[in-house]
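Notes follow the structure.
The values are calculated or read from the model by the stated rules, or taken from the named source; none is laboratory data. Please read these numbers as outputs of a predicted model, since none were measured by experiment. Virtual Cβ from ideal backbone geometry, glycine too; neighbours counted across all protein chains shown. Ligands, DNA and RNA are stripped out before the accessible areas are found, and what is left, the full protein with its side chains, is counted by its heavy atoms. Shrake-Rupley method; radii C 1.70, N 1.55, O 1.52, S 1.80 Å.
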Amino acid sequence: MFNRKDYVSDKDWQRFLDFSKDLETPNVVINLNTIKQNYIRLRDSFPYARIYYAMKSNPGEPVLEMLAEMGSNFDIASRYELDMISKFNVSPDRLSYGNTIKKAKDIKYFYDKGVRMFATDSKDDLKAIAENAPGSRIYVRILVENSVSADWPLSRKFGCHPDMAYDLLVLARDLGLTPYGISFHVGSQQRDIGQWNDAIAKVKYLFTSLEEEEGIRLSMINMGGGFPASYIEPTNTLAEYASEITRYIQEDFGDDIPEIILEPGRSLVGDSGILTSEVILTSRKNNTALARWVYVDAGKFNGLIETLDESIKYPVVTSRDAPGEKEGVVIIAGPTCDSMDIMYEDAKYKLPISLKPGDKLYWLSTGAYTSTYASVAFNGFPPIKTYFMK
Ligand SMILES: *Cc1c(COP(=O)(O)O)cnc(C)c1O
């Protein structure tokens, strides 16, 4: 189905095995060096952009500390994330409150800590910002359609129609705020690069009409996340994303390129993680069933929530993998007493027939949206532990 070596080099794999061999399962091991390389690659691919790490994708302290030291800015969604990043001496001008859904008292909390950049997509939120964070920079998130080609769409809930974005930016000015720019998110793990083209064209229209009709000159485009990590479903390379997207910007804006912000989450941290689970049981539901069930000690509630609807297909390797080892179709499920705790059934993963309790399933590219995107103690199972490998 795929080759482990397309995801983890022999050297990193050996280092991972040595590092993790005595750790209790389930666990996630994050290779900080991979994140570092990904950050450098993204920065070099978009040399004109500022990077705001979407910290929800992996808020591990060593990750935040390293990215803070490397000069990253941060996209923050809650006061709790703000408290987490405050430990690392990141000045407030490197922070953006990117959640369009916020309590007035949380807006004030951010303002009191010095944050002056806020996302919005509605009138009431904008008014709350004007009241609690006077004079701040405002960017409005627009709706973009992305449910088809993104493996983890972020549409509908966030953003507003461009016509409403227009009105909000006029209102922002009238309320004494600073109209700053437009943001969008084309959907996470977006495999169709053309989605950025459509979004940038909408942004261009807003830049032009606001300047011509209202004299409001916007200066920033926040292009969100959506850049890929390496799962089973293939994607273009980051270099291809960068050259295409750069061309779209140049075609629309010519020599007058605005400030560009990126908010990567998945593409920075996804490939850095390996989640190790242990086989609890294998079974068949009847004597002639072709597919076996493989139950492991990690599931939808402790790290693998993005297998919901089998959306994200992680590469899975096992401790039984060997040349010539016979494989068969499996249904892979988690340990809890909830029947939605099944990771893959339709996807028809094939794993070694010889798998036994105690064997390991290694889930590659699990550095994003795993360790904190989880329940606290469903069925008593504790949250998955994360370890960081230098
Ligand atoms: C989650 C999120 C991101 C990160 O998206 P990825 O696809 O993981 O890179 C960026 N911006 C906002 C506003 C988000 O909510």
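Which of the residues belonging to the range 91-120 are among the aliphatic types (A, V, I, L, M) and open to solvent by 20 Å² or more (accessible area, probe 1.4 Å)?
101, 104
Could you give every pair whose Cβ atoms fall below 9 Å, whose first residue belongs to the range 123-152 and is farther than 18 Å from residue 227 by Cα, and whose second residue is open to solvent by less than 60 Å² (accessible area, probe 1.4 Å) and basic (Lys, Arg), counting only separations of at least 6 or pairs across chains?
If the second residue must be open to solvent by less than 60 Å² (accessible area, probe 1.4 Å) and basic (Lys, Arg), the pairs left are 125/102; 128/102; 129/102.
Among what's in the range 209-227 and is open to solvent by 20 Å² or more (accessible area, probe 1.4 Å) and touching a residue at least 24 places away in the same chain (Cβ under 8 Å), pick the residue that is farthest from residue 38 (Cα to Cα).
214
Give me the pairs: first residue in the range 47-74 and within 12 Å of the ligand (Cβ to nearest atom) and open to solvent by 40 Å² or more (accessible area, probe 1.4 Å), second residue polar (S, T, N, Q) and not in a helix (DSSP H, G or I), beta-carbon distance under 9 Å, and six or more apart or on different chains, which are they?
Note: pairs meeting the criteria are 56/78; 56/372.
Check whether at least one residue in the range 188-195 is within 14 Å of the ligand (Cβ to nearest atom), open to solvent by 40 Å² or more (accessible area, probe 1.4 Å) and in the same structural domain as residue 230 (by TED's automatic domain parsing), and report yes or no.
Yes, the range 188-195 has at least one match.
Go through (1) within 14 Å of the ligand (Cβ to nearest atom); (2) at pLDDT below 95 and name the single condition residue 181 misses.
Single failed check for residue 181: (2).
List the residue pairs whose Cβ atoms are under 6 Å apart, where the first residue sits in the range 262-274 and is farther than 20 Å from residue 245 by Cβ, the second is within 12 Å of the ligand (Cβ to nearest atom) and in a helix (DSSP H, G or I), and the two are 6 or more positions apart or on different chains.
Going by the 6 Å Cβ cut-off, the qualifying pairs are 269/57.
Could you please let me know if residue 165 is within 16 Å of the ligand (Cβ to nearest atom), part of a helix (DSSP H, G or I) and open to solvent by less than 10 Å² (accessible area, probe 1.4 Å)?
Working: within 16 Å of the ligand (Cβ to nearest atom): yes; part of a helix (DSSP H, G or I): yes; open to solvent by less than 10 Å² (accessible area, probe 1.4 Å): yes.
Judged against the criteria, residue 165 is a match.
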